[in-house]
Amino acid sequence: MAYETIIVEVEDHVATIRLNRPDALNALNSELLGEVCQALKEADGNDKVRCIIITGSQKAFAAGADIKEMSDKSYVDMFMSDFFGTEGGTIGRTRKPIIAAVAGYALGGGCELAMMCDFIIAADNAKFGQPEINLGVIPGLGGTQRLTRFVGKSKAMDMALTGRFMDAEEAERSGLVSRVVPAKQLMEEARAAAEKIAEKSMISTIACKEAVNISYETTLSQGLLFERRAFHALFNTEDQKEGMGAFMEKRSAQFRDR
Ligand code: CO8
C-alpha cells in the first residue's frame, strides 16, 4: 500500500516504519497515525515479518501530536471522534514486537508513541519530553500513565509539570530506554536487535510479550500464574522440543513456529 506520511520497508524479517513528515518534525496528525496503524496491521498479518521497528529522522522521532491540526478543535470534536483513542488501541494490540528507534526529539505524543512500543533504543542525541503543559493541556496518549510506570512518580511529575526534556543518558538511567547508541549507529543497532528477535520462535516471542505486558494490568500473583500457564503451554509446541533438543545437541535451534 502507498503511504503519504510514512515509509515502510520490509527487509528480511524486519518491517521498518519510518515517520516521514520532515517539515513538521514528524508531528503526529490523524493521517500519519492512521497510516502507522495500517502499516502495523499489515506487518502483524505478514508471515514474513517477525519484528517491527518504528523510527523517525535524525532530528526528530516525532515532536508531538500536530498542534496545528488540534488547535481549533472543541471538546465536542475531541470527545465525539475519541481523538487518537482508536489509534492508541491499535498500536497496543499489535502482537509482534515493536522496537522504537529514537533519534532527536520524542516529545508529547512522540514520547508516548515510543513508550507504546515494546522497548526503546535511543540515539545519543535523543530528547524525551511531555511538554503539553506549555500548551495549556496535558499528555493524552499515555504520558501520565506510561511515563510514570517507566521512570516513577517523581520524575514523571517533574517532566509533565515543568515540560522539561530528558536527554538520552538520563532516559537510560531512569529506565525509559533500554540502551543508548551513537546516533549514526541507531538503525544498525535496532536492526541487529530486531534480527535477533526474528530468529526466535514466533510462538514464544508473542507469549513473552503478552506475559511482560500483563504485569502492567494485574496483581503479582495473577501475573505469575499467567506467566506459568504460558510457560506450561509452550511445552505443547514443536519449537520447545527443537529449542531444548538443540541445546542438548550443541547446535543452533531451527524454529518453525509450530
Ligand atoms: N505540531 C505541529 N507542527 C510542529 C510540531 C508539532 N508538535 N513540532 C514542530 N512543528 C513544526 C513547526 O511548527 C515548524 O513548522 P514551520 O516551519 O511551518 O513553522 C517545524 O515543525 C520545525 O519546527 P521548529 O522551527 O519549531 O524547530 P526547532 O528546531 O526550532 O524546535 C522543537 C524544535 C523544540 C521540537 C519545537 O518544534 C517544539 O517545541 N515543538 C512542539 C513540541 C510540543 O509541544 N509537543 C507536544 C505537542 S501536544 C501533544 O503531543 C499531545 C499528545 C496527545 C494527543 C492525543 C490526544 C488523545
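Just so you know, all these numbers are worked out from the coordinates, no wet-lab data involved. In this text, all values refer to a predicted model and were calculated from it rather than measured experimentally. All Cβ positions, even for glycine, are placed from backbone atoms using ideal geometry, and neighbour counts span all protein chains on display.
Report, to the nearest 10°, how far helix 186-198 tilts away from the longest principal axis of the Cα atoms in the chain, using its own Cα long axis and a range of 0 to 90°. That works out to roughly 40 degrees.
Given the rule -39500 (n - 2.57) for each run of at least 4 DSSP H residues, summed and divided by the residues of the chain, what is its mean residue ellipticity at 222 nm, to the nearest 500 deg cm²/dmol?
Numbers: 12 runs with 120 residues, N = 258.
That comes out to -13500 deg cm²/dmol.
Note down the magnitude of the dipole of the chain about its Cα centre, charges +1 on Lys and Arg C-beta and -1 on Asp and Glu C-beta and zero elsewhere, to the nearest 20 debye.
Working: 31 positive and 37 negative charges, 163 e Å.
So the dipole magnitude of the chain works out to roughly 780 debye.
Using a 10 angstrom Cβ neighbour count of at most 15 plus a DSSP loop assignment to flag exposed GluC sites (Glu not before Pro), which longest range of the chain is free of such sites?
Values: sites that count: Glu4, Glu199, Glu217, Glu249.
Segment 5-198 is the longest.
Relative to the longest principal axis of the Cα atoms of the chain, the long axis of helix 238-248 makes an angle of roughly 70 degrees.
In straight-distance terms, cross-link reach from Lys200 covers every one of the lysines whose alpha-carbon lies under 19 Å from its own, apart from those fewer than eight places away in the same chain; here that gives Lys48, Lys96, Lys209, Lys241, Lys250.
Rounded, prolate or oblate: which fits the stretch 201-249, taking a ≥ b ≥ c as square roots of the Cα gyration tensor eigenvalues, rounded meaning a/c under 1.5, else prolate when a/b beats b/c? List each step's numbers first, then the result.
On the way: a/c = 3.10, a/b = 2.36, b/c = 1.32.
Here the stretch 201-249 falls in the prolate category.
Listed by Cβ neighbour count within 10 Å, with the fewest neighbours leading, Tyr216, Tyr105, Tyr3, Tyr75 appear as Tyr75, Tyr216, Tyr3, Tyr105. Relative to the longest principal axis of the Cα atoms of the chain, the long axis of helix 202-214 lies at roughly 50 degrees.
Could you give the length gained by full extension between Ile7 and Asn236, i.e. 0.36 nm per residue of separation minus their alpha carbon distance, to one decimal place?
Values: separation 229, 0.36 × 229 = 82.44 nm, distance 3.86 nm.
Roughly 78.6 nm would be gained on extension.
Cut-off is 10 Å between beta-carbons; in what order do Ile98, Ile138, Ile54, Ile197 appear when sorted fewest neighbours first? Could the numbers behind the result be given before it?
Numbers: Ile98 24, Ile138 12, Ile54 27, Ile197 21.
Neighbour counts put them in this order, fewest first: Ile138, Ile197, Ile98, Ile54.
Taken over the stretch 49-182, the ratio of Cα radius of gyration to 2.2 N^0.38 Å equals 1.02.
Note on the stretch 60-86 and the stretch 165-182: Cα centroid distance 27 Å, given to the nearest whole angstrom.
Please list the three semi-axes, largest first and in whole Å, of the ellipsoid equivalent to the stretch 101-180, using sqrt of 5 times the eigenvalues of its alpha carbon gyration tensor. Please list the in-between numbers first.
Working: eigenvalues 63, 30, 27 Å².
Equivalent ellipsoid of the stretch 101-180: 18, 12, 12 Å, largest first.
Taking 0.36 nm per residue of sequence separation and removing the Cα-Cα distance, the Phe247/Thr86 pair yields an extension gain of 53.6 nm. Pairwise inverse Cα distances across the chain, averaged and inverted, put the Kirkwood hydrodynamic radius at 19.2 Å.
If neighbour count is taken as other Cβ atoms inside 10 Å, put Asp72, Asp167, Asp77 in order from fewest to most. Provide the component values of the computation, followed by the final result.
Numbers: Asp72 7, Asp167 15, Asp77 11.
Least crowded to most crowded, the residues run Asp72, Asp77, Asp167.
Within straight-line reach of Lys184, meaning a Cα separation under 20 Å, sit the following aspartates and glutamates at least 8 residues removed in sequence or on another chain: Glu9, Glu11, Asp124, Asp167, Glu169, Glu170, Glu172, Glu195.
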